[in-house]
Amino acid sequence: MKKTFFLALILSSFLLSSCGQKEELVKKYFNTVAVESGSISEGNSYVWYTDSFDTIMLSAKMWWKVVSINKEVGDKVVPSEEVAMLDWSEAKTWYNSRENIITQLQILKSSTSDTFDKQIMAAGEKVKQVQNGIDMASIGISWTTTWLLDVQNITREQLKTVQTQIAQAKTGLETAKLNLANNQDSLDQKKSDIYNNSKNAISNANNLAVWLIDFLDNFYWVTTANKYKNDSFEVYIWAKNTQTKTDAENELRTLISKYNSAKNLPLDTNENIEKALNTYNSLFSWDIRTLLKNTYSVLENSISSSSFPDSAINAYKTQTNTLQANLEQVILTVQWNYFLGLKWSIDSISSFKKESKNGIDMLQKQVALAEKWIDTLNQTYKQYEAMRAGQITDISTKKQVSNSQKSLAQNQLWEALASIEALKQQKISSLKQIDAQIAQVQWGQNDASVMIDNAKVISPINWVVIKKMAEVGQVVGWGMPLLVVATDSDIKIMISIPDDVKQNTFIWDKVKVEIEWHDKQVDWIITNILPTLDPVTKKTQVEIKVLNPENKIKIWSYAKVYLADSKASEKTGLVIPNKAIVSDMLIPGVYILTADKKAKFTNIKILKQNDNFSLIEWLKLWDKIITDWKENVFDGEILQ
């Protein structure tokens, strides 16, 4: 309405300033043509953009930050080419920490094997000693005294070995606890990043809501901020159905009330941030979507007037449809600069809670395993102490009972053989336990290796980049698209035609196509006509295939399609060239050169139009109208 008022004010000022002034003859260049009777073909042309027949998305495989994107829109990609890289530093740290643990476990395995080998060797020596005792039973107490000293030395070394193992196990326990603490710090930072990004998503959602409310309020003026802005056309809005406008105004008031409640929610806690995300998501998913749909219904029930013409109604309807379509994409995706991530933030918070619990549980299990291993070693130490005491007592008894030395030595021989077998079994069991730990750590290391490989985004095909959906530094989730690539060897143009045109349009019909940056028209064919009408526009989608073997035509190029004139109908009446029409005003018109050489502006009604001529009313046959240089002519001016 502002444009109309400003234009009327300028015209009024110009007319007032012209009153009372003497007319002066100014020599100007101009050409005229006479209004003739004739007919024009009612040709059909449609404008849209070129599109691809097939697209794929090159997406992230992990939740990481983008560190590089090697391709821009329009670049070619080839199979196995690295097009983007995610931040894999965390996975590398995890890989190295698993490598260090594996090294420590391998050292532990080697030392454990050596210890058991020494014990088995010592037990073998004990067998020899027992056999010697059987053979040399007569040696008596002097030999048993020496043997007692040997046993004491052997068992002392066993206890020292177990003490060393306990110290190593305690070191492993401290390492597991340190990993648990470091992982907690990393999770805390990740949590902070997610909730900070959520605040940005809430801020973007708030800005979009403010814009949409202001746009709708300019139409309904339910607030004092936009009052009186629709005075000139308000009465025409509810002309067919007053209830539609009343319902829409009530819905806008409800929307504003809910928005005011949402924007006043403090973002001082994570619980409030989650509440705000869900509140704004509900606001966009239901209230704003419903109001835009009902606004379109209001426009459908409006009538046109000089202050609210069909062009204005159609413009509002187009903008409302566009907002509805964009809103659907806003709610479902995260690729829009002005509304990044309400749904993504909600999903990120949910995923983080699950992942953080799993990571902490795994590290806590590692700590518990290390503590259990220490308990096992302590029990082994106590067993060795008990074994040592028993052997000393046994040898002392042999000292005292020399007469039964041979019998006792025979018993010791069987004990020594059983001890060797037990040590072998203990060695096998201990090494299996360490191997199991190594395998478990290697499993985690393999996961880290897979994560490092997943940080690379690789192209599987030889296509062209048509859309860039992420930037360097952006945190992306699993499956989030980074680039969209498409085939451009064959491209298509989709146009919408009304039902009356569809009746004379068929698959394999030839059409003429003009594409921006290409000088000449080309002939292509219609490859598909959708069987159903669009319920909103009442038009049918038509697909036109354009061959592009040299890839000269770019996707998203502006294109104009002309349906064949042989199917167009002809109308008869007054015909004028299009270049004579003045279209700056709300109603089209022409300048008539009168018999007294005055330029007289006269409105016309356009019945039909093609690229060069228009079929019109409100003029008379043979009226002279100005064609070239009409831009320098004023109404009422005398021309030479």
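The values are calculated or read from the model by the stated rules, or taken from the named source; none is laboratory data. All values derive from a computational prediction rather than experimental measurement. Don't worry about glycine lacking a Cβ; one is built from the backbone with ideal geometry, like all the others, and counts go over all protein chains shown. Only protein heavy atoms, including side chains, enter the accessible area calculation; ligands, DNA and RNA are left aside. Shrake-Rupley method; radii C 1.70, N 1.55, O 1.52, S 1.80 Å.
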Here the FRET efficiency for V67 versus N446, based on Cβ atoms and R0 = 25 Å and rounded to 0.05, is 0.60
Inter-part gap, Cα centre of the range 399-459 to Cα centre of the range 497-543, in whole angstrom, is 78 Å
On the formula 1/(1 + (r/R0)^6), with r taken between the Cβ atoms of T146 and N411 and R0 of 25 Å, the FRET efficiency rounded to 0.05 is 0.85
Once Lys and Arg are counted +1 and Asp and Glu -1 for all other residues with Cβ under 11 Å from that of I202, the total becomes +2
Net charge (Lys, Arg +1; Asp, Glu -1) of residues whose beta-carbon lies under 15 Å from that of I102, I102 excluded, is -1
Semi-axes of the range 366-462 from the Cα gyration tensor (sqrt of 5 times each eigenvalue, largest first, whole Å) come to 54, 15, 5
The distance between the Cα centres of the range 345-384 and the range 70-95, in whole Å, is 33 Å
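Over all alpha-carbon pairs in the range 486-535, figure out the percentage whose distance exceeds 16 Å.
51 percent
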SASA check, V450, accessible area w/ 1.4 Å probe, all protein chains in place, rounded to nearest 10 Å², comes out at 80 Å²
For the range 74-128, the convex hull over Cα atoms projects on average to an area in nm² of 6.6 nm²
So L431 and Q243, fully extended at 0.36 nm per residue minus their Cα-Cα distance, gain in nm 59.4 nm
Note to self: C-alpha centroids of the range 113-129 and the range 175-202 sit apart, in Å, by 52 Å
Summing +1 per Lys or Arg and -1 per Asp or Glu among the other residues with Cβ less than 12 Å from I507's Cβ gives +1
Averaged per residue, the 1.4 Å probe accessible area of the range 465-523, protein heavy atoms only, in Å², is roughly 53 Å²
The simple spin-label model distance between S80 and A325, using points 7 Å out along Cα→Cβ, in nm, is 4.1 nm
If amide H atoms are modeled at 1.01 Å from N in the peptide plane, then the residues at a separation of 5 or more from V582, or on another chain, having amide H under 5 Å from its own are G589, V590
Those trypsin sites (Lys or Arg not before Pro) from the range 470-529 that are DSSP loop and have at most 13 other Cβ neighbours within 10 Å turn out to be K520
So E385 and R253, fully extended at 0.36 nm per residue minus their Cα-Cα distance, gain in nm 39.1 nm
In nm, the gap between the two label points placed 7 Å beyond Cα toward Cβ at K177 and D375 is 1.7 nm
For F116, the accessible surface traced by a 1.4 Å probe with all protein chains present amounts, in square angstrom to the nearest 10, to 20 Å²
Stretched fully, the stretch from V536 through K620 gains (0.36 nm per residue minus C-alpha distance, one decimal, in nm) 26.2 nm
For the D185, Q364 Cβ pair and Förster radius 22 Å, calculated FRET efficiency rounded to 0.05 is 0.90
For Q163 and E36, extending 7 Å from Cα along the Cα-Cβ vector and measuring point to point gives, in nm, a value of 12.0 nm
